[in-house]
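Here the structure comes first, spelled out in structure tokens, and everything after it is commentary.
The values are calculated or read from the model by the stated rules, or taken from the named source; none is laboratory data. Because the structure is a prediction, the values reported are computed rather than measured. Cβ atoms come from the backbone with ideal geometry, glycine included; neighbour counts cover every protein chain shown. Heavy atoms of the whole protein, side chains included, go into the accessibility calculation; ligands, DNA and RNA do not. Shrake-Rupley method; radii C 1.70, N 1.55, O 1.52, S 1.80 Å.
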4 protein chains.
Amino acid sequence: MSGSTIGRLFKVTTWGESHGAAVGAVIDGCPAGLMLNETDIQKFLDRRKPGQNEFTTMRNEDDKIQIMSGIFDGITTGTPISLIVYNKDHHSADYSNIANCYRPGHADYTYDEKYGFRDYRGGGRSSGRETIGRVAAGAVAIKLLDQLGISFCTYTRSIGEYIIDYNNFDKDEIYKNALYMPDKVCAEKSSAYLKDIISDLDSIGSSVECIVSGMPTGIGEPVFDKLDALLAKAVMSIGAVKAVEIGDGISVSQACGSENNDSFIIDNGEVKKETNHSGGILGGISDGSDIILRASFKPTPSIYKEQKTITNDKEETVLSIKGRHDPIIAPRAAVVVESMCAITILDLLLQNATSTVDKLKNIYK
Amino acid sequence: MSGSTIGRLFKVTTWGESHGAAVGAVIDGCPAGLMLNETDIQKFLDRRKPGQNEFTTMRNEDDKIQIMSGIFDGITTGTPISLIVYNKDHHSADYSNIANCYRPGHADYTYDEKYGFRDYRGGGRSSGRETIGRVAAGAVAIKLLDQLGISFCTYTRSIGEYIIDYNNFDKDEIYKNALYMPDKVCAEKSSAYLKDIISDLDSIGSSVECIVSGMPTGIGEPVFDKLDALLAKAVMSIGAVKAVEIGDGISVSQACGSENNDSFIIDNGEVKKETNHSGGILGGISDGSDIILRASFKPTPSIYKEQKTITNDKEETVLSIKGRHDPIIAPRAAVVVESMCAITILDLLLQNATSTVDKLKNIYK
Amino acid sequence: MSGSTIGRLFKVTTWGESHGAAVGAVIDGCPAGLMLNETDIQKFLDRRKPGQNEFTTMRNEDDKIQIMSGIFDGITTGTPISLIVYNKDHHSADYSNIANCYRPGHADYTYDEKYGFRDYRGGGRSSGRETIGRVAAGAVAIKLLDQLGISFCTYTRSIGEYIIDYNNFDKDEIYKNALYMPDKVCAEKSSAYLKDIISDLDSIGSSVECIVSGMPTGIGEPVFDKLDALLAKAVMSIGAVKAVEIGDGISVSQACGSENNDSFIIDNGEVKKETNHSGGILGGISDGSDIILRASFKPTPSIYKEQKTITNDKEETVLSIKGRHDPIIAPRAAVVVESMCAITILDLLLQNATSTVDKLKNIYK
Amino acid sequence: MSGSTIGRLFKVTTWGESHGAAVGAVIDGCPAGLMLNETDIQKFLDRRKPGQNEFTTMRNEDDKIQIMSGIFDGITTGTPISLIVYNKDHHSADYSNIANCYRPGHADYTYDEKYGFRDYRGGGRSSGRETIGRVAAGAVAIKLLDQLGISFCTYTRSIGEYIIDYNNFDKDEIYKNALYMPDKVCAEKSSAYLKDIISDLDSIGSSVECIVSGMPTGIGEPVFDKLDALLAKAVMSIGAVKAVEIGDGISVSQACGSENNDSFIIDNGEVKKETNHSGGILGGISDGSDIILRASFKPTPSIYKEQKTITNDKEETVLSIKGRHDPIIAPRAAVVVESMCAITILDLLLQNATSTVDKLKNIYK
């Protein structure tokens, strides 16, 4: 029952339900001396905020972050950073119909089985609002990583069968369309397609890709805490993710070794790889090239179409879900994927700080 | 540098290098009262043993397990179970050529970058022999889970483009062919194909599927220690795995909600699902249906074809790897996937034991 | 930098500084189904509240607890319980004199050395207010343990040379005197003595004793997570504690084995011990008799007498501390000791729930 | 059931029973690049070896250490270091009398209560031999700390009422007498006294003191993982320890603030303290002065005198313990205390490596 903390040195604990008083996170282990204020965090929260456009739920939340501790004179002190977002718009909905039955594709049934009962208001802890704490903590990690030259590029890679064309890849486009896609053409086609999905009272699956640039080598702890293993855990822990791929991902299962191996070369005296099928990780340790990670999201389980299901009393029934729901998860989830990757990488970066006796002597000389 | 332990209550720590004196594992947290002997473990180790057939390395190791502690009168005492396999055949190989250069697709470069130098003999800690400890510990977890009615079926799902036909699925076939495939026809085609790969001095990718039956509901700890998140970590931590999928996996990214949602039904008074796209997990918690997990393995990075690479002194060179290597990873890795899933599930099963006050009162009444 | 979380299954994370917006705690891993409201927690916070009487600082805080998550319909849901106390009276003090110099006996110097700078307002994170989170979480643990028949009796055992006379021990007296002493006579003598200490502009040391009754046997995890080891950690982590004793404590160093060994006897068919020198713990595991723990507190480091010290710029200076401070720590710290013991015992109680295969089968049958 | 691992970055897992095949430890997280061989470890094991002299059990063990992994070309590789000591002389004893009854002061009863049965041979896991793994791992930590200028001085401080006279303190004397006392006179008196204890068929309590010199400032993680808190846990986890004191320890409970506060001064431009009542720790963080720790050991519970106890079948009986046992614990336990302090300090030293953003930038610049 205590799975709400992630990380060993950069430790993030999240708390809060969809319809409780607030949601939040506590970051323990952020190094002292980082300039940090609410704005640094708010801009990331705004990327996952509801009510952004026609494809996101109309729940009216401004999701304003408050920093409650760990900062003095605008700088992190090394003590826990407590972050809170108060829930505003959480009295509107009527949950009488989901209180008594199990929504297909949701965690209603499993929470009841595990805990004996559940907070059914908006999914309680299993609501998408749980990710606010992840993003708030991720924003802090991303700001710190940025000072070490590590940057993130995260976007919607596909919506249903519409996959971005890497020849059209335009990083600036990501924040210009409602779907956070780096391909203007694909974004337009996807938008049209989404409107059909909505009019069909249905939802559709999607995927997110995250590229991490500027990685130092040596990050990741063999054998169980490999960089790719912990990235997989962090990203798979996001609701609705059903697959995580590193580098070439599942396509490696059909590749030959002679194709898949990345040759090492010397480029202007620097070690480089001719290709990056490995997605920047060898033996669970960063090799200095870009980290490439993909996450596949299932379609939003809340749909308007009538669905067969059962009641809490174990009787079959038919359910049609009310209220407004995103028809797709990826666009608002991209920043969550980015946050989870950042939290994981920073934690492993801290752990790697004492990998050799020489490093240790430099610190304590 | 301390990533060699996995689990919170059922804790497994592995140690050992390919060419050290031995490899081993320590299990801490195995409940007392489990009948256990070397044979229980040996039969799992034999599934990953080298030299089984024409598709596995000829390294001559019998990999005999020894239990060093934690057992009294043939029963686990609740204290740490120390397991050791001595390395036998570890003086044959000549590593002069890999001592001074970085093998593409291997961890040679990243270990040097992280630790300043490496044990280059057979890959040291990054060798496939590291998985012996995983399998030895997994065998203990599997035996305990079996007493709770939880069983595993793990097999090679694909080799290159040859994917099993589920209409031909025959569980008994798995142990009848050298590739551990549940489809006789596919196994034969794959064998022929593998011989071509070998004659091409190349290697090929593959995938493994693991089905867990008899799962109780309620297993998995929201939000970061979800069952699927920890399975993803455990399986992605196996060398050469580049993707982990749960249930429908990446195909959910193209599915509609109305297809992907599994309807709950009542079957003979029991809660069931009409379908199992979710792979037995909802909201990170087991829903009682089969757990379905897939892992994609990259092709064996050690190939005989000449490859471009660099030396430790950062000079470009050409490498051709000597010795005998498996042209494919899945068959011997299937039992490793099964072991990692079992270790993860048992650990979460223990954690779930006190999810409610009522359970706690029953234990301490 | 991430030492603000304690526990493995019942996990408590505290946050907050003396003069930040608030202090708080997040409990992750509280079993579902515990009736819990603010009043349950408030009564424990009131035992450590400032401004109670002539011997406590006049800082004017009502320390009202707010539960932000983890409760639905008045019952714990199994999800994280977030607890907050807003700081009210935190603008009064003038810290100009301690901002630039290191108070003897305080953490000013060590925080600067560790983090490069510090939040000097009221000691920041090293303030006594940090214990609010401990007590809030402890109150939850104590309520749950009470339902299992485990109860606590914690009191001031000594103030300076005034030690309670166990012949006068009166449990009801504890809450009748300002010093939380179970001996009326000793409390009166101590009060008179304390007034002298105050008029001397000085402070004095003290000790707290905690008795835990109703313990089940078998609690504690050999070898490093023994019950006494984790109690020692939990209690020594309270500011100003310099010694922790279990049972006969330091006096065992002068005892003979024939005196110190507790003989087992059968009393009305129940296993009992003739004596309890061991303080209820054998081999790090509870033996069913009362747990006895003592903590020695140093005198309050903040005194009015002039003291030699140095400035941040490493120049010698003389400091006289302003403001009102408790002349003694034990009375308000007793509830903190009780809280830390409860958190530790509950966590180990949860861990012990699966110590045998038979227990596990009972849970999952 | 998984308390056999200690540490977060420098992780030590011990295993083994008194009469199993072997005892051992796995160190995970030792930085790469430390020269290490068996001799470095053996000299520490020899300090706790049985059969050293007339005051130690005659069990005939040479306790030869073997390094099984983690070393290449005589240098640590950063991978787990597996250490094993085979049990030699473990068939001699006759345990028929303790198999069926509970020895007072031992863990026989509590292990049965926790695990349902126990390995009664020589106490199984609760035997003193369990400390071999602690000392083997401690030796590695001490060697690494030595390279950072941190050194340990650990000795028997008292035996019964015989306490060393600090005016006679002679560090060289520690290894000259069988009792590891730094005071020749006290050692002689104690020896004579011990012979009386032995002829009385009894045992006696004792205490150990450990001084750590050369500590950097800033070591220790507020609030629960304070240096003193983790030292208390580590040392209290040693069998027979019933009290842990830091600095002035329990005597602070009778001291005034004006006496107990250590004034900061400048000595040759360096920050120093006029006194060291705090034992080198302020607010749970090292202040740069010597760490001073004391542990009180109860008398050996195994005595020859007849004792009242009960059988496994809960019937009262009388027990007289056979075989040879140490009449006192401190002398052989001193190196165990030193080892636990070293393991704890090294782990916190590694954690402190990234306490500030500036440190992090230096590492990854």
- Message: What do you get for the angle between helix A:38-48 and the principal long axis of chain A? Use alpha-carbon atoms, 0 to 90 degrees, nearest ten.
- Response: 60 degrees
- Calculate the mean, over all residues of peptide C:295-303, of how many other protein chain Cβ atoms lie within 10 angstrom of the residue's Cβ. 6
- With +1 on each Lys and Arg Cβ and -1 on each Asp and Glu Cβ, how big is the dipole of the protein assembly as shown about its Cα centre, in debye rounded to the nearest 20? 0 debye
- Task: Between the alpha-carbon centers of the stretch A:193-242 and the stretch C:273-293, tell me the distance in whole angstrom.
- Result: 51 Å
- Note on the structure: The size of the Cβ-based charge dipole (Lys, Arg +1; Asp, Glu -1) of chain D about the Cα centre, to the nearest 20 debye, is 740 debye
- Item | Relative contact order (%) - criterion: Cα under 8 Å, at least six apart; region: the stretch D:5-364 | 21 percent
- Query: How much accessible surface area, in Å² rounded to 10, belongs to the heavy atoms of C:SER207 with a 1.4 Å probe?
  - Reply: 10 Å²
- Checking rank on A:220-232, C:342-354, with mean other Cβ inside 10 Å and highest first, the result is A:220-232, C:342-354
- Evaluate the relative contact order of the stretch D:232-283 (contact order divided by residue number), counting alpha-carbon pairs under 8 angstrom at least 6 apart; express in whole percent. 30 percent
- Item | Ascending list, in nanometres, of distances separating the C:THR275 label from those of the other copies (7 Å, Cα toward Cβ) | 3.5, 7.3, 7.7
- Note on the structure: Within 10 Å of the Cβ of an average residue in B:119-131, the count of other chain Cβ atoms is 3
- Computed over all unlike Cα pairs, the Kirkwood hydrodynamic radius of the stretch C:263-350 in Å stands at 17.5 Å
- What is the average number of partner chain Cβ atoms found within 10 Å of a Cβ in D:272-280? 2
- Short version: what are the Cα gyration tensor semi-axes of the stretch B:1-50, square root of 5 times each eigenvalue, largest first, in whole Å? 20, 19, 9
- Message: Just to be sure I understand the curve: with the Debye formula and one point per C-alpha of the stretch C:187-328, what is log10 I(q)/I(0) at q = 0.14, 0.21, 0.22 Å⁻¹?
- Response: -0.81, -1.24, -1.31
- Task: Sort the stretch C:8-153 into rounded, prolate or oblate with this rule: let a ≥ b ≥ c be the square roots of the eigenvalues of the Cα gyration tensor; rounded if a/c is under 1.5, and if a/c is not under 1.5, prolate when a/b is larger than b/c, oblate otherwise.
- Result: prolate
- Query: Whole number please: convex hull volume per residue of the Cα set in the stretch A:160-252, in Å³?
  - Reply: 137 Å³
- Message: Checking an interface number: how much accessible area is buried between A and B, summed over both chains, with a 1.4 Å probe, in Å² rounded to 100?
- Response: 8300 Å²
- Query: Taking the Cα centre of the stretch A:5-364 as the origin and placing charges on Cβ (Lys, Arg +1; Asp, Glu -1), which of A:ILE246, A:ILE198, A:SER320 is farthest toward the positive end of the dipole?
  - Reply: A:SER320
- Heavy-atom accessible area of B:VAL85, protein chains in place, probe 1.4 angstrom, given in Å² to nearest 10, is 0 Å²
- Calculate I(q)/I(0) for the stretch C:96-226 by the Debye formula, one identical point scatterer on each C-alpha and no solvent, and give its log10 at q = 0.09, 0.13 Å⁻¹ to two decimals. -0.44, -0.86
- Query: Per residue and in cubic angstrom, what volume does the convex hull of the Cα atoms of chain A have?
  - Reply: 164 Å³
- Looking only at lysines whose Cα falls under 16 Å of B:LYS273's and that sit 8 or more positions away or on another chain, we get A:LYS308, A:LYS314
- Search the structure for amide H atoms under 5 Å from the amide H of B:SER203, placed 1.01 Å from N in the peptide plane, and list their residues when 5 or more places away or on another chain. A:GLY257, A:SER258
- Gyration tensor (Cα only) of the protein assembly as shown to equivalent ellipsoid, semi-axes in Å sorted down, yields 49, 38, 32
- How far is the Cα center of the stretch B:2-69 from the Cα center of the stretch A:30-56, in Å? 46 Å
- Item | For the stretch D:64-219, accessible area per residue (1.4 Å probe, heavy atoms of protein chains only), Å² | 35 Å²
